[in-house]
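One structure is given below, represented as structure tokens, and several questions about it will come after.
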Amino acid sequence: MSGGSYNYLFTAQDLEDLHTRRHDLEEMANRLAGLGYAQDAACETEELLVLFRQWETRAVVRMRRLADVWQAVEWWDSCDSGEDRVREALATYRADNDGTPTP
């Protein structure tokens, strides 16, 4: 019988690939924890999941804050609007973020 119980999680090539396999990663963490003698590997696998969740939360916050700036620059470079729109978007971005550190 071949492997595949976790969709060949061990073949993940990079973070993007691993991120798409989060369900399998969760299942692996649970399986390792259930063994009783693999707590170190279970903890480190779970830490990967925590890191993904933290990064995701922080990235989504930043994406939302930057979306109008990105749109303004993209539309300016596509000749759909002008530099003034970029300056307006930046002013709004800066006013909304008033130097407050982000999570």
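So, of the residues in segment 21-36 that are more than 17 Å from Leu9 (Cα to Cα) and either surrounded by 12 or more Cβ atoms within 10 Å (Cβ to Cβ) or at pLDDT 95 or above (or both), which turns out to be farthest from the chain's Cα centre (by Cα)? Please lay out each step first, then the result.
So in segment 21-36, the residues more than 17 Å from Leu9 (Cα to Cα) come out as 34-36.
Filter once more, so that each one left must be either surrounded by 12 or more Cβ atoms within 10 Å (Cβ to Cβ) or at pLDDT 95 or above (or both): 34-35.
Numbers: Gly34: 28, Leu35: 30 Å.
Filtering segment 21-36 for residues that are more than 17 Å from Leu9 (Cα to Cα) and either surrounded by 12 or more Cβ atoms within 10 Å (Cβ to Cβ) or at pLDDT 95 or above (or both), the one farthest from the chain's Cα centre (by Cα) comes out as Leu35.
Sticking with this one: Search segment 80-101 for residues being of a type in the set (D, E, K, R) and assigned to a loop (DSSP other than H, G, I, E, B), and hand back the single one that is modelled with the lowest pLDDT.
Step one: list which residues in segment 80-101 are of a type in the set (D, E, K, R), which gives 80, 83-85, 87-88, 94, 96, 98.
Of the ones still in play, those that are also assigned to a loop (DSSP other than H, G, I, E, B) are 80, 98.
On the way: Asp80: 94, Asp98: 76.
Applying the filter and picking the extreme gives Asp98.
Only one of (1) outside any helix (DSSP H, G or I); (2) surrounded by 12 or more Cβ atoms within 10 Å (Cβ to Cβ); (3) at pLDDT 95 or above is not met by Ser5, so which one is it?
(3)
Quick one: in segment 37-86, of everything that is under 23 Å from the mean Cα position of the chain (by Cα) and of a type in the set (Ser, Thr, Tyr), which residue is most open to solvent (accessible area, probe 1.4 Å)?
Of everything passing the filter in segment 37-86, Thr57 is most open to solvent (accessible area, probe 1.4 Å).
The values are calculated or read from the model by the stated rules, or taken from the named source; none is laboratory data. All of these numbers come straight from a predicted model, not from anything done at the bench. Every residue, glycine among them, receives a Cβ derived from its backbone with ideal geometry; neighbour counts consider all protein chains shown. For accessibility, only protein heavy atoms count, side chains too; no ligands or nucleic acids. Shrake-Rupley method; radii C 1.70, N 1.55, O 1.52, S 1.80 Å.
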